[in-house]
Amino acid sequence: MKKVRIKNSQNEIPISKIVCVGRNYAEHAKELGNEVPEKPVIFLKPASALIQSGEKIVHPTFSKNMHHEVELVLLIGKAVKNANKSEAENAIIGYGVGLDMTLRDIQNELRKEGNPWTIAKCFDTSAVISDFILKSEYKLSLDEEISLAVNGQIRQKEKLNKMLFQPDEIVEYISSLMTLEEGDLVYTGTPAGVGKVEVGDRLLGKIEGIGELSTEVV
């Protein structure tokens with residue numbers, strides 16, 4: 001069973017499911033030629049896709065265009081269903097930095113055919129995660145900067161306040177569709193600047209005040 005680590009603690013929390021939000025930054029939606037959504041775009045990743053910072057991303061042989069997407073990740077601490085905003089906020093117990101790796105060529109082919117994105121999003125090592133900082137130890141302001149560097153060059157950099165849907169709104173909406181449970185992770189979407197990575201590339205994702213992750217593509 002996959003687990004996430006908690007900063008300043010020996011605790012590890014087993015992961016149930018990974019719920020992801022697409023197109024949560026207007027400029028990212030536009031760079032991929034998508035409309036800015038009126039409500040969160042939701043998809044899932046299996047827990048088996050998860051790796052920790054320091055572990056390596058394995059580039060699938062069936063894709064020639066894998067993209068990086070750095071994201072704020074929420075750790076859910078208790079079950080919620082049909083939550084209001086206050087209940088949604090209280091269900092979030094921690095924050096981390098995540099990478100949602102996406103096979104863009106596969107995704108584009110699937111979209112043209114009207115098929116789900118599953119193959120493009122759910123491959124092994126497609127979800128990278130940092131250690132989590134508990135909300136009791138850090139108050140999120142949304143003024144934090146999120147960034148992603150590839151081989152030392154910044155590719156993504158934005159303020160979290162540019163998210164179309166904020167964390168409590170995201171959890172509220174997801175809980176109207178499905179029960180969120182203790183140990184669930186919620187990837188909140190990526191800012192503009194996504195791009196291709198190659199075997200040998202080194203990636204460094206950061207969010208001010210929350211932490212960082214590092215990985216390499218093999």
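Fewest neighbouring Cβ atoms within 10 Å first, the residues Lys85, Lys17, Lys45 line up as Lys85, Lys17, Lys45. Placing +1 on the Cβ of every Lys and Arg and -1 on the Cβ of every Asp and Glu, with no other charges, gives the stretch 3-216 a dipole of roughly 240 debye about its Cα centre.
Could you work out the relative contact order of the chain, using alpha carbon pairs under 8 angstrom and six or more residues apart, expressed as a whole percent? Walk me through the numbers before you get to the answer.
Details: 549 pairs, mean separation 71.7, N = 218.
Computed over the chain, the figure is 33 percent.
Just checking the listed ones, Ile18, Ile119, Ile133: in the Gaussian network model of the chain with Cα springs under 10 Å, the one fluctuating most is Ile119.
Of the residues Gly98, Val128, Pro60, the one whose Cα sits farthest towards the positive end of the charge dipole of the stretch 3-216 is Pro60 (charges of +1 on Lys and Arg Cβ, -1 on Asp and Glu Cβ, taken about the Cα centre).
Evaluate the Kirkwood expression for the hydrodynamic radius of the chain, namely the inverse of the mean inverse distance over all pairs of different C-alpha atoms, and round to one decimal in Å.
In the chain this quantity evaluates to 17.1 Å.
Per residue, the Cα convex hull of the stretch 65-188 amounts to 129 Å³. Pairs from the list Lys81/Lys139; Lys7/Lys159; Lys7/Lys81; Lys3/Lys139; Lys56/Lys121 with a Cα-Cα gap above 26 Å: Lys7/Lys81. Using just the helices of the chain, give the 222 nm mean residue ellipticity in deg cm²/dmol: DSSP H runs with n ≥ 4 each add -39,500 (n - 2.57), and the total is spread over all residues, rounded to 500. Taken over the chain, the calculation gives -4500 deg cm²/dmol. In this structure, Leu134 and Glu113 have a Cβ-Cβ separation that, at R0 = 45 Å, corresponds to a calculated FRET efficiency of about 0.60.
Grab every C-alpha pair in the stretch 127-218, bin the distances at 5 angstrom width from 0 up to the longest one, and report whole percents. Pairs per bin, as whole percents: 3, 11, 19, 23, 19, 13, 8, 3, 0. Each peptide in 188-200, 64-76 gets a packing score, the mean of other Cβ atoms within 10 Å over its residues, and the list from highest to lowest is 64-76, 188-200.
Which of the trypsin sites (Lys or Arg not before Pro) across the stretch 94-140 are loop residues per DSSP, with 10 or fewer other Cβ within 10 Å?
Working: sites: Arg104, Arg111, Lys112, Lys121, Lys135, Lys139; in loops: Lys135, Lys139.
Answer in residue order: Lys139.
On full extension of the chain, what length is gained from Ser86 through Ser48, given 0.36 nm per residue of separation minus the C-alpha to C-alpha distance? Walk me through the numbers on the way to the answer.
Numbers: separation 38, 0.36 × 38 = 13.68 nm, distance 3.08 nm.
Taking Ser86 through Ser48 to full extension adds about 10.6 nm, to one decimal.
Every number here is computed from the coordinates shown, using simple stated rules; none is lab data. This one's a predicted model, so the numbers in the text were calculated from it and none came from an experiment. For neighbour counting, all protein chains shown are included, and Cβ atoms are generated from backbone atoms with ideal geometry for every residue, glycine included.
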